[in-house]
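Values quoted throughout were computed directly from the atomic coordinates according to the rules given, and no laboratory measurement underlies them. As the structure is a prediction and not an experimental result, all values here were calculated from the model. As a convention, Cβ positions derive from the backbone with ideal geometry for all residues, glycine included, and neighbour counts pool all protein chains shown.
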Amino acid sequence: MSDSAASRRAAFRTQVASRQALLLAGAFNAMSARVIEDSGFEAVYLTGAGVTNMSFALPDLSFVGLHEMSEQTARVRDAVSLPLIVDADTGFGNALNVRQTVRTLERCGADAIQLEDQVLPKKCGHFEGKQVISAAEMVGKVRAAVDARSDDNFQIIARTDAAAVHGIEDAIERAHRYAEAGADILFIEATETRADIERLPALFDTPQIINVVIGGKTPTLAQSELSELGYGLTLYANAALQSAVCGMQRALSRLREDGKLDEDPELVIPFAERQRLVNKPLFDRLSLEYGDAKD
């Protein structure tokens, strides 16, 4: 592990522990991660739903596995220097699979991973018909994840979807057990009332993440409010995805209707901006440098 990775993970752990509801945007590929970094965010979340939707045009129903997520993790890590949380769904199997998942994603450049207690195949946290494994089985997965990491500052996020299945009190009880098993961050998914959002942070010594799904079940509170409540992270997992699709629909509708499309700043970014985001000036300089050396 490089010194930069170690220092990045240590700083990120401290940042989460400060409970300032750090705003976290979700990426679905390397370019979206680059835009997130360029926009001033301080961390990035690689979303399994986003990878599934954007790479396969499929719903979030366990159609991606460790291979796809590790490949995307490596690509995102190469594109940005931000702390990177990776959505690992259920860990892609049992506790032994979780062990391999942690080892693989840590090597690929993740700084934290999220594991959830749904039955495989899992569903989006805001879909109906979810099922959860036993709390005891999830505790085993969390323990396996903690034991598998090589860096103690590589954080394990334990998510429970039990609120939609057994009620919020069961989700709270599970979260306590996951924290006792060693989870660094807790994630009670699909909290449906403002009252529950407001009370949850005070129930745990472990920092929590809140997932704001645009159009989903969780009420939307401002980051400032969530910071006052004591959340560690505020996640907008698919804001980039939904805005990207919206932008494509608008631009392509205009192209279809008009038969042409100019550099309209309301529809497309300029050619020069696209080249800046993919770091073309760097490669131009390197091309000159290596070309001169060859001569």
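Normalised by the number of residues in the chain, the mean separation of alpha-carbon contacts (under 8 Å, six or more apart) gives a relative contact order of 19 percent. Highest GNM mean-square fluctuation, the chain, Cα pairs closer than 10 Å: which of 48, 215, 232? Sorting by GNM fluctuation, first place goes to 215. Shape verdict for the range 182-295, please, from the Cα gyration tensor: rounded (a/c under 1.5), prolate (a/b greater than b/c) or oblate. The shape class here is oblate. Using only side-chain charges placed at the Cβ, +1 for Lys and Arg and -1 for Asp and Glu, the dipole size of the chain relative to its Cα centre rounds to 400 debye. A simple count of charges around residue 120, restricted to other residues whose Cβ falls under 13 Å of its Cβ and scoring Lys, Arg +1 and Asp, Glu -1, yields -1.
Taking only the alpha carbons of the range 120-212, we obtain Rg and Dmax values of 12.9, 38 Å in that order. Fewest-first ordering of 73, 160, 52 by other beta carbons within 10 Å of each residue's beta carbon gives 52, 73, 160. Size descriptors for the range 3-244: radius of gyration and Dmax over Cα atoms are 15.9, 44 Å.
Ordering 246, 108 by the number of other Cβ atoms within 10 Å of each residue's own Cβ, fewest first, gives 246, 108. The H on the amide N of residue 208, modeled in the peptide plane, is under 5 Å from the matching H of 186, 232, 233, each at least 5 residues off or on a different chain. For residue 217, list the lysines whose Cα falls under 29 Å from its own Cα; do not include residues on the same chain fewer than 8 positions away. Reachable lysines: 122, 123, 130, 141. Listed by Cβ neighbour count within 10 Å, with the fewest neighbours leading, 220, 104, 47 appear as 220, 104, 47.
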